[in-house]
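Here is the structure we will look at, set down as structure tokens.
Only the coordinates and a few stated rules stand behind these numbers; no lab work does. These numbers were taken from a predicted model, which means no experiment stands behind them. Quick reminder, even Gly has a Cβ in these numbers, built from the backbone with ideal geometry, and neighbours come from all protein chains shown.
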Amino acid sequence: MRNFCEASDIRLERQQAPPTLKESNVTTFQHQKMASMGPSPGMGPVMVLSKWLSALIRFVPLEGHLVVVAVIVVVVVIVWLTSFFMSFFSPQKRYTKPHQCTHVHKKTDAKTQRQTGREAQLSNIQAAMAVANIIRTTLGPQSMLKMLLDPMGGIVMTNDGNCILREVDVSHPTAKSMIELSRAQEEEVGDGTTSVIVLSAQVLSQAEPFLMNKYHPTVIVQGYTKALAYALEVAEKIAVSIDVSKDQEWVSKLVMSSIGTKFSSRWNEKLVDMAIQAVLTVTETSASGMRRVDIKRYAKVEKIPGGELDDSKVLKGIMFQKEMTHSKMRRRIENPRILLLDSPLEYKKGESQTTMEITDDQDWNTMLKLEEEYVERMCQEIIALKPDVVITEKGVSDLAQHYLQKANITAFRRLRKTDNNRVAKATGATIVSRTEEISESDIGTKCGLFEMRKLGDDWFCFLEECEDPKACTIILRGGSKDVLNEVERNLQDAMQVVRNVVYDPKLLPGGGATEMALAVALRKQGQSLQGTQQGPFMAVGDALEVIPRTLAQNCGVSVIRTITELRAKHAAAAAVAAESDPSSTNSKPCHIGVNGITGDLIDMNELGIWEPFSVKVQTIKTAIENACMIL
Ligand SMILES: Nc1ncnc2c1ncn2[C@@H]1O[C@H](COP(=O)(O)OP(=O)(O)OP(=O)(O)O)[C@@H](O)[C@H]1O
Ligand SMILES: [Mg+2]
């Protein structure tokens, strides 16, 4: 403590002490040096000029002041005029404002072209529209399939937005971002990948007139964001809530409208039933009431070319393509006891390199015996629990096969981890890693029938008639591989739709009814807005009309007449609702939309076209947010 006080005293003294002669000399010298060096870099040109002026005035007699000022003014004017004329002949002529410096690298003929400002913004909009135009015709029930050839010569035949765009090779950054958008939609909700692209491009193109009128992009983005928030509010009001376990009819309507736009609509009823059955099988409800649906992991689609689509079915269990390890093992077992392993039934192999030195000829025999004993011990541990079927993710040696077959056990080797997980879920077995740790509770007993069946040229293992399985296999049969691929995509869409409604049991009318209702509400709300954001706010409403418009276009009816009529019907319904209840804009929602097959206007309640709330909301959100990002 004392030391500290002393030290601080000393510091104080030092600060207060007058500078020594040496120190003061140094400082004076530094000042002089700075003055002789001229203006410091931080000084403004005005300050420098005024300094020079005051220095000049000190030496020049009073009448000379005016002459000096006149000379300076002339010099400044000459410099300014020169720089002005030079800028005219400069090759880098720019007209952009600093805020519009959006740099875009666009590839043309293997050269990278730099675009900035408004040019870049307009080219972004054009690229987005170009992407949307590729898939515009694949929206709705009258959509057309596209046949795409990949560089390897393979064919993809589909009308799934995401699948088409995945195959398209583009180099424009905005086009790439649009393709990402549809992928994001596919991963998030599984449907609406065409709508999201068409809508996003339309929202972007609505910004074009504002940009031409020199609106700042942030003003447009603010207007769009406000419109999005209001549209979500209105969508919430229009939505209809259902109970998935009771209102099965609603769920099938929902899946039908999702599959109805696809190639497999001919087998509508079959696919709808399959999608609902598969999703309800893999739905798990926790004790707290939380629902979990993992389609990707627990509902596997197996495509087997041959047969008819009518032969397709959802198994109450699992099927995988595997032959038994030994041909004499049993091929059909009722109520089998199933053991799952993820360890090998072989002698232990070295990790990477193993060196063994044998000096005595007896040692070799001892070594082989030890290995045999090891495998036998593992098999005895398994046999002790009397399983009927043993499935492992690793290998099964010949010796192990021998022991298992003698014990009347059917064994499978090298099953994929994902398949093994599904078998575990369906049969109630636990995957065991070490044979010495197997217990009775690890054996799966929920399977009703194990059978090996031959489909086409291959043998398949069926574990069927499971009791309350939480995983399933969907077998798809069909004429060709391309057809099967498309049916699988359609079925995946349908299953995702069911999953969405299980998570969020709310529906919105399809056929452009929701979009038109939102458009009318946005235009009405926009009239009460003040300032520059009003235009972009109402433009979102206009953009939303692209969905019913495209549906009408794809039907081949008069687009203008249909849309005008639809708009008028929605506006009238909104006006009636506002009169009866002025506090809410859409208390009695109008469900009139475009019949995607005939092109007539019809109430979606009658037609039964509904979409999950989450898909629709996600589509609108993603589309507007993406447009804001690109602007
Ligand atoms: N029978 C129908 N009449 C009118 N509109 C329909 C009908 N069936 C579906 N729709 C509408 O068609 C749109 C969906 O079309 P589609 O399924 O082709 O595209 P998507 O779902 O956006 O994309 P994708 O299914 O390729 O991921 C929705 O707006 C839906 O309301
Ligand atoms: Mg769809």
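Centre-to-centre, using Cα atoms only, the stretch 541-560 and the stretch 133-189 are separated by 20 Å. In whole angstrom, how far apart do the alpha carbon centroids of the stretch 313-334 and the stretch 442-504 sit? Result: 14 Å between the Cα centres.
Seen from all sides and averaged, what is the projected area of the convex hull of the Cα atoms in the stretch 168-230, in nm²?
Details: hull surface 21.4 nm².
Across all orientations, the stretch 168-230 yields a mean hull projection of 5.3 nm².
Close lysine pairs were tallied over the stretch 477-591: pairs 8 or more places apart or on different chains with Cα atoms under 25 Å apart number 5.
Only Cα sites of the stretch 329-393 enter the Debye sum here, all with the same form factor; the resulting log10 I(q)/I(0) across q = 0.17, 0.18, 0.29 1/Å is -0.76, -0.81, -1.30, listed in q order. Working from label points 7 Å from Cα in the Cα-to-Cβ sense, the LYS51 to ALA384 distance is 9.5 nm.
What pairs from LYS417/LYS616; LYS214/LYS237; LYS270/LYS454 go past 32 Å between their alpha carbons? If you can, show how the numbers build up before the last one.
Details: LYS417/LYS616 35 Å; LYS214/LYS237 36 Å; LYS270/LYS454 24 Å.
In this structure, LYS417/LYS616; LYS214/LYS237 lie more than 32 Å apart at Cα.
Beyond 17 Å, the tail of the calculated P(r) for the stretch 162-204 holds 24 percent of the Cα pairs. The share of C-alpha pairs in the stretch 216-373 whose separation exceeds 26 Å stands at 63 percent. The ranking of ARG166, ARG453, ARG413, ARG266 by Cβ neighbour count inside 10 Å, starting from the fewest, reads ARG266, ARG453, ARG166, ARG413. The share of C-alpha pairs in the stretch 206-285 whose separation exceeds 20 Å stands at 60 percent.
For the residues ASP504, ASP458, ASP419, what sequence is obtained by ranking on other C-beta atoms within 10 Å, fewest first? Mind showing how you got there, number by number?
Working: ASP504 16, ASP458 11, ASP419 21.
Lowest to highest Cβ neighbour count: ASP458, ASP504, ASP419.
So how do MET144, MET178 line up by other beta-carbon neighbours within 10 Å, fewest first?
MET144, MET178
Three semi-axes describe the equivalent ellipsoid of the stretch 450-562; taken as square roots of 5 times the Cα gyration tensor eigenvalues and ordered largest first, they are 48, 20, 10 Å. Placing pseudo-labels 7 Å out from each Cα toward the beta carbon at PHE84 and SER352 gives an inter-label distance of 7.6 nm.
For LYS349, a cut-off of 19 angstrom between C-alpha atoms picks up these aspartates and glutamates, skipping any fewer than 8 places away in its own chain: GLU357, ASP363, GLU371, GLU372, GLU373, GLU376, GLU393, ASP398, GLU436.
Shape class of the stretch 381-524 from the Cα gyration tensor (axes a ≥ b ≥ c, square roots of the eigenvalues): prolate, since a/c reaches 1.5 or more and a/b is larger than b/c.
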